[in-house]
């Protein structure tokens, strides 16, 4: 909630996918909060400071201390979080209001609560678009290939790299297959490892 001093929206994720001929699909799966809750939990477990502008205390004050963090700030952080809050609202419009399910602030907590057996009555919204109903599948296939080639071929700042949505995750998957999956201390304890 932009400038709010109470929990309201959750991470309210948005996910989009598009096929790419002869390549991995274009994939976007993102929170409308600056970071997802699991990132705060990871920073707590590692006793590592959070980045600026991603979380707030129970009274709405920005914090970098993961142990004080009680709320996630919307995408855009302290100064431009109204944009992320609006996107979180879009997710609520589609997944809760259209489906008649629970509104964000009324959810049973996913983390830290005692009740993990009561259904949360969470809604979802899925939209599938057939390219043949627009410019056509062949036009779309050529266009997305051209778009991604242009995007990835863009000039970059020194030391930077332009990536399309999903590129980072595909690379991380390959790295974890080769090197294993890192497990933080709290998860090790929870799993009894």
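Using the structure shown, decide if residue 143 is surrounded by 12 or more Cβ atoms within 10 Å (Cβ to Cβ), at pLDDT 95 or above, over 20 Å from residue 45 (Cβ atoms) and more than 26 Å from the chain's Cα centre (by Cα). Write out each step before concluding.
Details: surrounded by 12 or more Cβ atoms within 10 Å (Cβ to Cβ): yes; at pLDDT 95 or above: yes; over 20 Å from residue 45 (Cβ atoms): yes; more than 26 Å from the chain's Cα centre (by Cα): yes.
Here the answer is yes, as residue 143 does meet what is asked.
Which is under 23 Å from residue 30 (Cα atoms) and free of Cβ contacts under 8 Å to residues at least 24 places away in the same chain, of 116, 129? Reasoning before the result, please.
Numbers: 116 fails: under 23 Å from residue 30 (Cα atoms).
Answer to the check: 129.
Which one is farthest from the chain's Cα centre (by Cα), of the residues in the range 44-57 that are farther than 15 Å from residue 84 by Cβ and free of Cβ contacts under 8 Å to residues at least 24 places away in the same chain?
47
Whether any residue in the range 71-84 is buried (at least 16 other Cβ atoms within 10 Å of the Cβ), part of a loop (DSSP other than H, G, I, E, B) and in contact with a strand residue (DSSP E or B) (Cβ under 9 Å, 6 or more places away or on another chain) is what I want to check.
Checked the range 71-84: at least one residue is buried (at least 16 other Cβ atoms within 10 Å of the Cβ), part of a loop (DSSP other than H, G, I, E, B) and in contact with a strand residue (DSSP E or B) (Cβ under 9 Å, 6 or more places away or on another chain).
Looking at (1) within 23 Å of residue 36 (Cα to Cα); (2) assigned to a loop (DSSP other than H, G, I, E, B), which one does residue 157 not meet, given that it meets all the others?
The number of the failed condition is (1).
Inspect all residues belonging to the range 88-97 and state whether any of them is under 23 Å from residue 120 (Cβ atoms), surrounded by fewer than 18 Cβ atoms within 10 Å (Cβ to Cβ) and over 17 Å from the mean Cα position of the chain (by Cα).
Yes, there is a match, as at least one residue in the range 88-97 is under 23 Å from residue 120 (Cβ atoms), surrounded by fewer than 18 Cβ atoms within 10 Å (Cβ to Cβ) and over 17 Å from the mean Cα position of the chain (by Cα).
Which condition number in (1) modelled with pLDDT of 95 or more; (2) over 22 Å from residue 39 (Cα atoms); (3) in a loop (DSSP other than H, G, I, E, B) is the one that residue 132 fails?
Failed condition: (3).
Give me a count of the residues in the range 1-21 that are at pLDDT 95 or above, surrounded by 16 or more Cβ atoms within 10 Å (Cβ to Cβ) and part of a loop (DSSP other than H, G, I, E, B).
Looking only at that region, the number is 1.
Please indicate, with yes or no, whether at least one residue in the range 22-30 is at pLDDT 95 or above, crowded, with 17+ Cβ neighbours inside 10 Å and either at negative phi or touching a strand residue (DSSP E or B) at 6+ places or on another chain (Cβ under 7 Å) (or both).
For the range 22-30, residues at pLDDT 95 or above, crowded, with 17+ Cβ neighbours inside 10 Å and either at negative phi or touching a strand residue (DSSP E or B) at 6+ places or on another chain (Cβ under 7 Å) (or both): present.
Just a yes or no: is a residue in the range 64-71 free of Cβ contacts under 8 Å to residues at least 24 places away in the same chain, under 22 Å from residue 104 (Cα atoms) and touching a helix residue (DSSP H, G or I) at 6+ places or on another chain (Cβ under 8 Å)?
Going through the range 64-71, the residues free of Cβ contacts under 8 Å to residues at least 24 places away in the same chain turn out to be 64-65, 67-68.
After this cut, where a residue has to be under 22 Å from residue 104 (Cα atoms) as well, the list is 68.
Among the residues that remain, those that are also touching a helix residue (DSSP H, G or I) at 6+ places or on another chain (Cβ under 8 Å) are: none.
No, the conditions are met nowhere in the range 64-71.
Examine the range 142-153 for a residue that is part of a loop (DSSP other than H, G, I, E, B) and under 20 Å from residue 14 (Cβ atoms), and state whether such a residue exists.
Narrowing the range 142-153 to residues part of a loop (DSSP other than H, G, I, E, B): 153.
Those left that are additionally under 20 Å from residue 14 (Cβ atoms): none.
Looking for residues that are part of a loop (DSSP other than H, G, I, E, B) and under 20 Å from residue 14 (Cβ atoms), one finds none in the range 142-153, hence no.
The values are calculated or read from the model by the stated rules, or taken from the named source; none is laboratory data. Just so you know, these numbers come straight off a predicted model, no measurement behind them. Heads up, the Cβs are rebuilt from the backbone with ideal geometry, glycines too, and the neighbour counts pull from every protein chain shown.
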